[in-house]
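What follows is one structure encoded as structure tokens, with my remarks underneath.
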Amino acid sequence: MKKLLPLGAVLLVAAGLVFGQADDVVKLKEKIIELQNKGELGFRNFTICSNIIGFGSYVPVAAPAFKAGDQILFYYEPLNVFTGRREGLYEIWYTQDMIVLDAKGNTLLNKADALDFHYTSKTPVLDLYATNSLDVSGLAPGKYQFKAVLKDKLRNKQIVKIAEFTIK
């Protein structure tokens, strides 16, 4: 005859496994933050898109050629943005400038801090993504560069990424 454990005993064992697993997850997140904080600031999956749905979900354009009046969408995932910890809270703060250059290197647009993400929470944010939308109305046909300047405000670092596009 099988011996059955009382339901309360089963629930206590299950709860112990879940809480033990939760502790492991917290430790793993802390290790990820430690690695990210030591890593170089960067861009991942910097892509010109026709549609952006959310984190890791976007549709790249086949060729970066547009008509005047189009909106150009840019997707990227900031890498190794510093996560600060204080008083039981996690803090992330980065900004991003949008700069457009013509074929001669002349600056046509310089929008400082076009993106400003400053977030404080009780749990860490490990996966970040950002989007930019650029209205190219008024640009003459030709070759251009979009320059994104990502600035990690908590560790005072920055990095630049350039994407080329054409107006037909």
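The values are calculated or read from the model by the stated rules, or taken from the named source; none is laboratory data. Just so you know, these numbers come straight off a predicted model, no measurement behind them. When we count neighbours, we look across all protein chains shown, and the Cβ atoms used for this are built from the backbone with ideal geometry, even at glycine.
Filter segment 105-141 down to the residues that are closer than 17 Å to P64 by Cβ and among the β-branched types (V, I, T), then identify the one that is farthest from the chain's Cα centre (by Cα).
Among residues in segment 105-141 that are closer than 17 Å to P64 by Cβ and among the β-branched types (V, I, T), the one farthest from the chain's Cα centre (by Cα) is V136.
Keeping to segment 54-98, report how many residues are within 14 Å of V136 (Cβ to Cβ) and under 21 Å from the mean Cα position of the chain (by Cα). Steps first, answer last, please.
Applying the first criterion (within 14 Å of V136 (Cβ to Cβ)) to segment 54-98 yields 61, 64-74, 98.
In the following step, the residues that additionally are under 21 Å from the mean Cα position of the chain (by Cα) were identified as 61, 71-74, 98.
So the count comes out to 6.
Give A112, A65 a once-over and let me know the one that is surrounded by fewer than 18 Cβ atoms within 10 Å (Cβ to Cβ), hydrophobic (A, V, I, L, M, F, W, C), over 28 Å from L28 (Cα atoms) and in contact with an Asp or Glu (Cβ under 7 Å, 6 or more places away or on another chain). Quick ask: steps written out before the conclusion?
Working: A65 fails: in contact with an Asp or Glu (Cβ under 7 Å, 6 or more places away or on another chain).
Residue meeting the stated conditions: A112.
For segment 22-52, how many residues meet the condition of being small (G, A, S) and at pLDDT below 95?
Here is the first cut: in segment 22-52, the ones small (G, A, S) are 22, 39, 42, 50.
From what is left, the residues that are at pLDDT below 95 are 22.
Residues meeting the conditions: 1.
Every residue in segment 129-168 that is part of a strand (DSSP E or B), among the basic types (K, R) and surrounded by fewer than 15 Cβ atoms within 10 Å (Cβ to Cβ), please.
Of everything in segment 129-168, just one residue is part of a strand (DSSP E or B), among the basic types (K, R) and surrounded by fewer than 15 Cβ atoms within 10 Å (Cβ to Cβ), namely K143.
Take I32 and tell me if it is touching a Pro at 6+ places or on another chain (Cβ under 9 Å) and under 24 Å from P141 (Cα atoms).
On the way: touching a Pro at 6+ places or on another chain (Cβ under 9 Å): yes; under 24 Å from P141 (Cα atoms): no.
Here the answer is no, as I32 does not meet what is asked.
What pairs can you find where one residue is in segment 23-52 and touching a residue at least 24 places away in the same chain (Cβ under 8 Å) and among the basic types (K, R), the other is in a strand (DSSP E or B) and surrounded by 15 or more Cβ atoms within 10 Å (Cβ to Cβ), and their Cβ atoms are less than 7 Å apart, with a gap of 6+ or different chains?
Pairs found: R44/Y76; R44/E77; R44/L79.
Look through K104, K153, K147 and report the one residue that is among the basic types (K, R) and within 26 Å of I33 (Cα to Cα).
Numbers: K104 fails: within 26 Å of I33 (Cα to Cα); K147 fails: within 26 Å of I33 (Cα to Cα).
From the options K104, K153, K147, the qualifying one is K153.
Scan segment 88-110 and tell me whether some residue there is out of contact with any strand residue (DSSP E or B) (no Cβ under 9 Å at 6 or more places or on another chain) and modelled with pLDDT under 95.
Keep residues of segment 88-110 that are out of contact with any strand residue (DSSP E or B) (no Cβ under 9 Å at 6 or more places or on another chain), which gives 88, 104, 106.
Keeping just the survivors that are modelled with pLDDT under 95 gives 88.
Within segment 88-110, one or more residues are out of contact with any strand residue (DSSP E or B) (no Cβ under 9 Å at 6 or more places or on another chain) and modelled with pLDDT under 95.
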